[in-house]
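Everything below concerns the one structure shown next.
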Amino acid sequence: MNEDAVRTLLQQLGITLPPGRAAAIAAEIAALGPKLATTPRPAFEDEPVTFQVHASRATTP
Amino acid sequence: MSEPATDPALWTLAEASAAIAARKISAVELLDACLERIPVWQSATNAFIDLRAAEARHQAARADLDIARSGPRSPLHGIPLAHKDMFYRAGEISTCGSAIRREWRADATATVLARLDEAGAVDLGTLNMAEWAGGATGHNIWFGDACNPWGPLRATGGSSSGPGAAVASRMVFAALGSDTGGSIRLPSTMCGVTGLKPTWGGVSRHAAMPRAWTLDCIGPLARTARDCALVHAAIAGPDSNDPTTANAPAFTPPQAPTHLRGVVIGVETALLDSVSPAIRRPLDGALKLLKSLGAELREVALPSMQALLDLGGVISSTEAAAIHLEQMRAHPDGYATDLFTRMQSGLAMPAMHYLHAVRARAGLLAETRDAVFAQCDTLFAPVIAQPVPTRDESRTHTAGDVGRIHGPLVRMTRPFSYLGLPVLTLPCGFDAAGMPVGFQLAGDTFREENLVRIGMLYEETAGWHRKVPGVTDAQAQG
């Protein structure tokens, strides 16, 4: 996502960014990509709710 | 075991509760002991946003009548508490530390407050906090910074800044805070008290201000682990008003063990080795004491530590931005600039990043269980890597400051938030400047009892909870 895309997205959401801020956010999100690429991949079947189910299973050991 | 103090305000909650049950002190007398401290300590700490002394006196008098008639109905009956100003009470103002909500009145009462009311606790008022619980330092431009009772120029930690300061200065016996990435653990550690971040889903969040739905936990800051357990027992458990609460077995405050033989404590060596030499000695002292009590210390590594931190950050910023979008649009000037700026990043977060962070969580929890909790009862880790910062050096002005200041503060706390695990923080001494140092004990989901049990024996042996800041600390220049 580049600077223009960030500015346009936030404009659509009704938020006006001060000068320079869109570029900073774009850089911040771009930096996240490589970081997240090194994190363990979820399994194909994993759903967002899996964590809650997994956690609650611990209540009946 | 250390002896109780002569001033009732300096007792632990458990001691105060026992004294009420034995009719050695009334709820009104106990409240008066707390109120006597407030003029000096409120001025020194700015812990309260709204002190409700008259209502508290009425509640205490009613508690005395009820106790005289049929005895205390819980260990909290007649005990003065106050809470972070984000737990709603129908008809009352709840500011959430924000200018936008300076006059906002809630139309429902938080389940946690209703449960404390039912237990007979006395509510002394609302406590300071980071704006919208969105900061790790305790600064607040709208209501003034909360100041650390051990040195007013030092930060309290956040976001439960008022609870940390109010409990440490003995204005109240315990306080509820919330923890999304460290907001109970940071102020409890930086103010030298004990904090319990429960398992995600263990305590109802109904009518409590949300910060990030899948990370938020509500729990106590108190003088001891035993006190935290008494408060947690009153608030924990399923709630039909919050469908995310788990059907976990009821939490019962445990008895302190006489030894820790058979207990395996994992030590996160990489985190421990990363702390400043200025705070290392108290942490080593805590480990030595735990070992002398019989615990086996075993070096372990929290797997995927950096991933836990990064993914937790993605969830935190995205959920917070989603919660705040409407208000950001309507009241852009109602936010502190640094917080408003931080929220903007969450609004632009790609959905794929967020969903990756949410989906990866179950696998990372399983990995952590295999690597740590399959062989250890608890995991020992520092809470912060540096001494308590001054308020000036931890003040944020720009987006860059936010990453530089808040990032390092949550480095050791956010991973456990992402995994939804329970964590107990305990004080373990002071650095050379006289500021508190603490550590955290993390456990597997819904194993709060284990943590409290270890914490109770540790604190009874170490006695750090008996150290109370004096007026000279409050007046010292940092």
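Counting only residues that are buried (at least 24 other Cβ atoms within 10 Å of the Cβ) and assigned to a loop (DSSP other than H, G, I, E, B), how many does region B:153-164 have?
Within region B:153-164, residues that are buried (at least 24 other Cβ atoms within 10 Å of the Cβ) and assigned to a loop (DSSP other than H, G, I, E, B) number 6.
Please go through region B:12-22 and pick out each residue that is open to solvent by 30 Å² or more (accessible area, probe 1.4 Å) and either among the small types (G, A, S) or in contact (Cβ under 8 Å) with a residue 24 or more places away in the chain (or both).
Hits for region B:12-22 are B:A18, B:A21, B:A22.
If I ask for residues that are at the interface with another protein chain (Cβ under 9 Å from one of its Cβ atoms), open to solvent by 40 Å² or more (accessible area, probe 1.4 Å) and over 13 Å from the mean Cα position of the chain (by Cα), which ones from region A:25-49 would you list?
A:T38, A:P40, A:R41, A:A43, A:E47, A:P48, A:V49, listed by residue number.
Looking at B:L325, B:L347, B:L365 in this structure, which one is out of contact with any Lys or Arg (no Cβ under 9 Å at 6 or more places or on another chain), facing chain A (nearest Cβ under 9 Å), open to solvent by less than 10 Å² (accessible area, probe 1.4 Å) and in contact (Cβ under 8 Å) with a residue 12 or more places away in the chain?
Every option except B:L365 fails the conditions.
Given the conditions (1) closer than 27 Å to B:L35 by Cβ; (2) open to solvent by less than 10 Å² (accessible area, probe 1.4 Å); (3) assigned to a loop (DSSP other than H, G, I, E, B), which single one is not true for B:G192?
(2)
Can you give me the ranges of the helices (runs of 4 or more DSSP H) entirely in region B:408-478 with at least 1 residues that are modelled with pLDDT under 95?
Counting at least 1 such residues, we get B:471-475.
Determine if region B:288-299 includes at least one residue that is surrounded by 20 or more Cβ atoms within 10 Å (Cβ to Cβ) and of a type in the set (S, T, Y).
no
Give just the number: which of (1) open to solvent by less than 20 Å² (accessible area, probe 1.4 Å); (2) away from chain A (no Cβ under 14 Å); (3) over 26 Å from the mean Cα position of the chain (by Cα) does B:L379 not satisfy?
The failed condition is (3).
In region B:165-189, what residues are within 19 Å of B:I323 (Cβ to Cβ) and in a loop (DSSP other than H, G, I, E, B)?
B:T180, B:G181, B:G182, B:S183
How many residues are open to solvent by less than 40 Å² (accessible area, probe 1.4 Å) and not aliphatic (A, V, I, L, M) when one looks only at region B:47-63?
Going residue by residue through region B:47-63, those that are open to solvent by less than 40 Å² (accessible area, probe 1.4 Å) are B:47-48, B:52-53, B:56, B:60, B:63.
In the following step, the residues that additionally are not aliphatic (A, V, I, L, M) were identified as B:48, B:52.
Count: 2.
The values are calculated or read from the model by the stated rules, or taken from the named source; none is laboratory data. Just so you know, these numbers come straight off a predicted model, no measurement behind them. Because the Cβ atoms are built from the backbone with ideal geometry, glycine has one as well, and the counts that use them run over all protein chains shown. Protein only, heavy atoms only, side chains kept; ligands, DNA and RNA dropped before computing areas. Shrake-Rupley method; radii C 1.70, N 1.55, O 1.52, S 1.80 Å.
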